[in-house]
Amino acid sequence: MTPLLHLQDLSVDLPLGGLFSRGKALNILAGITLDLPRGQTLGLVGESGSGKTTLARAILGLQPSSGTMLFDGKPLASRSDYRAIRRRSALMFQDAAASLSPRMNVEQAITEPFTIHREPMGRRRDRAAELLAEVGLPAAFAARFPHELSGGQARRVGVARALALKPELVIADEPTAGLDVSVQADILNLMADLKERHGLSYLVITHNLALIRHVADRIAVLYLGRLVETGPTAEIFAVPAHPYTQSLIAAEPKPDPRKRRADLAIQGEIPGVLRRPRACEFHTRCPLAQEICRQDEPVLRTIAPGRQARCHLIEEKTLNRETTDELDHQSPQLS
Amino acid sequence: MSEAVLNVEDLALSYPGGVQALRGVSLQVRPGEVLGIAGESGCGKSTLASAMISLLSSGAEITGGAVYLRGENLMALSERDRRRLRGREIAMVFQDPLTAFNPVLRIGEQLVDFQVNAEGSSREKRRRAAAMLSKVGLEPDLALSRFPHELSGGMRQRAAIAAALLMRPAVLIADEPTTALDVTMEAQIIHLLRELQAEVGCAIVIVTHHLGVIAELCDRVAVMYAGEVVEVAPVDDLYHDPLHPYTRALLSCDPSALVEHTGHLPTIGGRLPDLADPPPGCAFAPRCPLASESCATPPPRVRPAPAREVLCHKVAP
């Protein structure tokens with residue numbers, strides 16, 4: 001079956017303006033090859049500045065890009081292609097409350113997509129009530145304004161608006177950032193229900209690994225605009241292949257004081273795109289970096305069925321259970 | 001057990017509109033300990049943190065109780081005396097360090113200014129600032145000459161921690177210090193706080209909704225719900241033997257606590273009570289799986305073990 005979304009060698013370059021840099025461009029993303037099968041959830045993870053949101057914008061045509069994109073098997077090239085993908089997809093924004101116009105009440109906000117895409121909606125009030133019911137809010141919420149909503153309610157309104165046109169693809173940018181754990185679980189459960197009910201496919205962008213572990217079927221790890229690892233979520237969490245993925249997973253604080261770490265998995269922070277390291281972008285922070293990592297650029301290659309990684313060193317420690325177990329237990333307890 | 005360095009006694013605080021943000025909070029901070037304050041948004045944890053350093057937002061009104069810093073009642077002091085204590089005895093780190101610094105002054109100038117009450121020449125103060133910056137892992141010469149906006153979020157938080165610890169306070173209060181950061185930077189800041197705590201020997205009060213951060217960093221934890229402290233326990237007991245039903249519910253919601261992949265996450269049904277009109281009985285009862293008739297009356301503060309207390313009808317003393 002053709003995947004709902006297929007990206008082949010996608011790149012994004014930002015042209016630099018200015019007197020001295022005219023004609024030059026700043027590379028943000030390169031070589032992104034990804035598939036999102038229908039009815040699945042793909043998690044896009046990485047630190048801030050890794051290009052996650054830029055990729056989402058490029059998919060919706062909000063950011064010029066080069067490379068090949070197929071939506072439902074059809075190439076996305078012209079403006080009308082993008083209009084079509086925007087009609088059949090929806091975006092859930094990071095800051096749900098801020099993404100809603102303060103001058104529109106909930107009813108207007110969630111039915112606006114019909115107006116934008118000139119779709120028949122019947123009676124506005126009925127459609128709004130239907131959408132609110134879908135996301136578990138009472139119909140009376142239709143008359144509220146964004147400032148009258150709690151964080152969790154604003155998220156639900158964001159979901160209702162995203163669902164308005166019965167999309168096939170939903171791109172959720174940090175769908176639960178800033179929410180309490182219990183409300184976060186509510187929203188994720190709602191997204192899971194809707195996925196099942198409407199056969200949605202999700203692209204979930206987040207830096208919260210604990211969350212993505214329970215939500216995504218597959219994950220793609222980005223570092224400084226490069227895809228460094230992709231594969232089934234369970235396998236990546238069991239045996240992360242790329243040193244960056246390993247560091248990210250190890251950096252997540254565990255809610256158990258008996259599992260405190262004495263050492264740090266990763267030092268420093270992601271370098272800016274203006275100071276992109278040569279060869280392997282991760283070598284400046286990689287605990288395993290060797291000469292080759294400073295010399296040659298690694299390529300994304302298949303390391304196991306369904307899994308790909310972009311690292312020179314994977315042969316030597318190829319998904320070796322022992323090595324990764326060691327990494328897991330490398331954290332002696334503090335008393 | 002040593003004398004508490006900071007003692008919150010039966011503190012009650014209201015915001016305009018009659019919202020009772022703190023309802024009889026008692027909590028001790030012991031010298032050199034790391035105390036975590038956990039709870040969901042709206043439970044009063046940030047209000048408690050700002051009351052501890054008597055930096056309340058306008059409109060907040062103390063309706064009862066007191067906060068003692070080394071025996072001095074902060075609420076009874078003049079604003080001038082309180083300013084004398086801040087920095088020297090107690091300091092604070094905020095969630096967004098960009099708002100904590102003056103945007104038009106270089107980090108170096110600000111770190112010198114913060115030592116206004118200290119002895120020594122300005123050269124001496126600058127040297128002290130540089131030493132503290134290198135302690136928090138920043139390149140001192142570089143950081144001193146930067147404006148706040150020229151630093152990344154993680155570097156800014158490091159600079160804010162350096163500023164807070166400059167005068168070697170007895171208590172450092174950190175309100176969601178890692179919430180705005182990536183996991184990798186969060187781990188580094190946690191590590192840094194732990195190192196500095198060992199070195200400076202100050203007590204740290206860390207307010208966060210992130211249970212992983214508390215598990216990593218704290219010695220003791222206070223869990224808040226609806227303006228009350230519902231459970232206090234040593235960190236290991238809290239995570240491995242939680243007693244209050246709310247603590248249990250909160251811990252089980254954390255997706256990082258679930259090892260098995262699950263499509264459906266546990267949640268806490270219901271919602272927070274309206275703090276403008278809090279229920280007379282247990283505030284958690286409407287959401288509590290154990291609730292019974294007795295929960296309609298105010299719950300007792302039970303001490304099931306020497307270092308533990310729980311606000312619940314259902315816990316055996």
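The values are calculated or read from the model by the stated rules, or taken from the named source; none is laboratory data. From a predicted model like this one, the values you see are computed outputs, not experimental measurements. All Cβ positions, even for glycine, are placed from backbone atoms using ideal geometry, and neighbour counts span all protein chains on display.
Being part of a loop (DSSP other than H, G, I, E, B) and more than 22 Å from the chain's Cα centre (by Cα) is the filter here, so list the residues in region A:264-275 that pass it.
A:Leu264, A:Ala265, A:Gln267, A:Gly268
Which residues, taken from region B:14-24, are on the phi < 0 side of the Ramachandran plot and in contact (Cβ under 8 Å) with a residue 60 or more places away in the chain?
Result: B:Val19, B:Gln20, B:Ala21, B:Leu22, B:Arg23.
Pick from A:Arg161, A:Arg156, A:Arg144: which is more than 23 Å from B:Ala257 (Cα to Cα) and touching an Asp or Glu at 6+ places or on another chain (Cβ under 8 Å)?
Exactly one residue qualifies, and that residue is A:Arg161.
Checking A:Pro253 against (1) within 14 Å of chain B (Cβ to nearest Cβ); (2) over 29 Å from B:Leu250 (Cα atoms); (3) without any contact (Cβ under 8 Å) to a residue 60 or more places away in the chain, which test does it fail?
Checking A:Pro253 against (1) within 14 Å of chain B (Cβ to nearest Cβ); (2) over 29 Å from B:Leu250 (Cα atoms); (3) without any contact (Cβ under 8 Å) to a residue 60 or more places away in the chain, the one that fails is (2).
Looking at this structure, is B:Val223 more than 11 Å from chain A (Cβ to nearest Cβ) and modelled with pLDDT under 90?
no
Can you find a residue in region A:294-305 that is over 23 Å from the mean Cα position of the chain (by Cα), modelled with pLDDT of 90 or more, assigned to a helix (DSSP H, G or I) and surrounded by fewer than 13 Cβ atoms within 10 Å (Cβ to Cβ)?
Yes, region A:294-305 contains at least one residue that is over 23 Å from the mean Cα position of the chain (by Cα), modelled with pLDDT of 90 or more, assigned to a helix (DSSP H, G or I) and surrounded by fewer than 13 Cβ atoms within 10 Å (Cβ to Cβ).
Under 8 Å between Cβ atoms, which residue pairs at least 6 apart in sequence (or on different chains) link something in region A:220-232 that is more than 17 Å from A:His283 (Cβ to Cβ) and among the hydrophobic types (A, V, I, L, M, F, W, C) with a partner that is surrounded by fewer than 24 Cβ atoms within 10 Å (Cβ to Cβ) and at pLDDT below 95?
A:Ala220/A:Leu34
Among the residues of region B:138-157, write down those that are closer than 22 Å to A:Gly49 by Cα and not in a helix (DSSP H, G or I).
Those that are closer than 22 Å to A:Gly49 by Cα and not in a helix (DSSP H, G or I): B:Leu138, B:Arg146, B:Phe147, B:Leu151, B:Ser152.
Any idea which of (1) within 10 Å of chain B (Cβ to nearest Cβ); (2) modelled with pLDDT under 85; (3) in contact with a helix residue (DSSP H, G or I) (Cβ under 6 Å, 6 or more places away or on another chain) is the one A:Lys317 doesn't satisfy?
Going through (1) within 10 Å of chain B (Cβ to nearest Cβ); (2) modelled with pLDDT under 85; (3) in contact with a helix residue (DSSP H, G or I) (Cβ under 6 Å, 6 or more places away or on another chain) one by one, A:Lys317 breaks only (1).
How many residues are assigned to a helix (DSSP H, G or I), under 19 Å from B:Leu133 (Cβ atoms) and within 11 Å of chain A (Cβ to nearest Cβ) if we restrict to region B:159-188?
So the answer is 2.
Just to check your reading of the model, which residue among A:Ala234, A:Ala238, A:Ala265 is facing another protein chain (nearest Cβ under 9 Å), of a type in the set (A, V, I, L, M, F, W, C), more than 21 Å from A:Ile205 (Cβ to Cβ) and surrounded by fewer than 24 Cβ atoms within 10 Å (Cβ to Cβ)?
One residue alone meets the criteria, A:Ala265.
Can you find even one residue in region B:296-306 that is touching a residue at least 12 places away in the same chain (Cβ under 8 Å), away from every other protein chain (no Cβ under 14 Å) and part of a helix (DSSP H, G or I)?
yes
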